[in-house]
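Got a structure here, written out as structure tokens. Questions coming.
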Amino acid sequence: MQRLSVRCGPTRLRAFAAALAVLLQASAAGAHDTKTDGDPSNDWLEGIRNGSGALCCGNNDCRPIATSAVTRSEGGGLEVQIGEQRYQVTGDSVIGSLSPDGRAWVCPHVRADPGGYGYEITGTRCLFLSPQL
């Protein structure tokens, strides 16, 4: 049996390490960076925090919603419909500024499924109201 030897000198090793560092840094930054998702309509969300200090954007899950998705609850608070579910909106989640496009936007609070392959929406992290509300 013949052995193959691969030479990996210090220059090649440094180049490989540098390339790997760039790839890892880019993938970590893109995980929560709305500016790298190719959709300029959500770039304005970058860095906005709710009243509790949590970042509004997480995994590019913020989205515009119809004004009809936001209603008053019986107790006078706000509720928002995300998919087929309605969620109470806490005061910390309501953002005082309007979105640049004038639409209502919601950033759901999510919890990863135990298997790690999906997520469950558990409420709202941020809600941007439109002028019509």
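What follows is calculated from the coordinates using simple rules that are stated; it is not laboratory data. None of these values were measured; they are calculated from a predicted model. Glycine gets a Cβ as well: all are built from the backbone with ideal geometry, and neighbour counts include every protein chain shown.
Quick check on my filter: what residues within the stretch 47-74 are surrounded by 13 or more Cβ atoms within 10 Å (Cβ to Cβ), assigned to a loop (DSSP other than H, G, I, E, B) and without any contact (Cβ under 8 Å) to a residue 40 or more places away in the chain?
Within the stretch 47-74, ASN60 is the sole residue that qualifies.
Considering only the stretch 59-101, how many residues are closer than 16 Å to CYS126 by Cβ and of a type outside the set (Val, Ile, Thr)?
Selection size over the stretch 59-101: 22.
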